[in-house]
Amino acid sequence: VNRTQPLSARILAISGSLQAHSSNTALVRLAANLVDAGTQVDIFDQLDHLPYFNPDLDLEPAPAAVAELRARVSAADAVLIASPEYAHEMPGVLKNALDWLVSSGELYAKPVAVLCAAPSAERGTFVRHALEQTLDAEGARLILSATVAVLPSQRNGDPSSEVARAVTDALRALSGATTSRGEQGLF
Ligand SMILES: Cc1cc2nc3c(=O)[nH]c(=O)nc-3n(C[C@H](O)[C@H](O)[C@H](O)COP(=O)(O)O)c2cc1C
């Protein structure tokens, strides 16, 4: 190991939305493009490949898509989740993925930031609360939770500086959380 190189935080970014022109997927793509030196962002975009969670399927070897999700979360130092709110909750596909991580425990002690891209900044309080509860149940360390107002015109790139700032803040908070873990000698 070259100790003069700064530690590079590996962040796994997951969008809770499957729709093609998703504002939440726009946030995770922006995260991958904005990264500072010393931060790598990997996007997990296979929520729709996962089977419906069923404890009867939660055996070794796990279904291939589940094994992939678990390996990608495990390899990450931190996780960024960007999710829409559906009927005051997170989308079922996202809850399904988080349910697959309960028994295997990849989120335990993992720094996680939650963003909710919504049409206005007052939205998203219910889904963020729901995510915070689920992440807490799985032992994750919630680092940041924020709603980001994303206009329809901003879904295909050309993000405003405010959107970019919110994503950068989340990445820096996650990166800082992994560094402080390292300084405490926890990895
Ligand atoms: C089925 C459905 C339910 C929704 N429920 C809510 C809701 O409870 N609260 C809210 O603020 N927005 C709600 N919305 C709006 C979405 O959260 C919002 O449009 C979001 O930006 C979509 O994210 P996306 O562009 O990443 O897919 C709902 C949208 C759909 C399609």
*Tell me, Glu138, Glu122, Glu89 in order of fewest to most beta-carbon neighbours within 10 Å?*
Glu122, Glu89, Glu138
*Can you pull the one-decimal nm distance between simple spin-label points at Glu60 and Arg165, each 7 Å off the Cα toward Cβ?*
5.0 nm
*Which order results if His21, His129 are arranged by neighbouring Cβ count within 10 Å, fewest first?*
His21, His129
*Going by the alpha-carbon gyration tensor, a ≥ b ≥ c the square roots of its eigenvalues, is the chain rounded (a/c under 1.5) or, if a/c is not under 1.5, prolate (a/b greater than b/c) versus oblate?*
oblate
*Exposure proxy check: Asp36, Asp58 ranked by fewest other beta carbons within 10 Å?*
Asp36, Asp58
_Please check: in the Gaussian network model of the chain (C-alpha springs, under 10 Å), which one of Arg70, Arg128, Arg165 has the largest mean-square fluctuation._
Arg165
*Compactness of the stretch 62-154 as Cα Rg over 2.2 N^0.38 Å, two decimals*: 1.09
_Ratio Rg/Rh [Cα only; Rh per Kirkwood] for the stretch 41-104_ = 0.95
_Relative contact order (%) - criterion: Cα under 8 Å, at least six apart; region: the chain_ = 25 percent
*For the stretch 104-147, what D do you get in µm² per second when you plug the Kirkwood radius from alpha-carbon pairs into Stokes-Einstein at 25 °C and 0.890 mPa s?*
228 µm²/s
*Each residue of the stretch 116-122 in turn: what ³J(HN,Hα) in whole Hz from Karplus with 6.51, -1.76, 1.60 and θ = phi - 60°, glycine and Pro shown as x?*
10, 7, 9, x, 8, 5, 7
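Bear in mind that the values in this text are calculations on the coordinates, not laboratory data. Being a predicted model, the structure only gives us computed values, none of them experimental. Quick reminder, even Gly has a Cβ in these numbers, built from the backbone with ideal geometry, and neighbours come from all protein chains shown.
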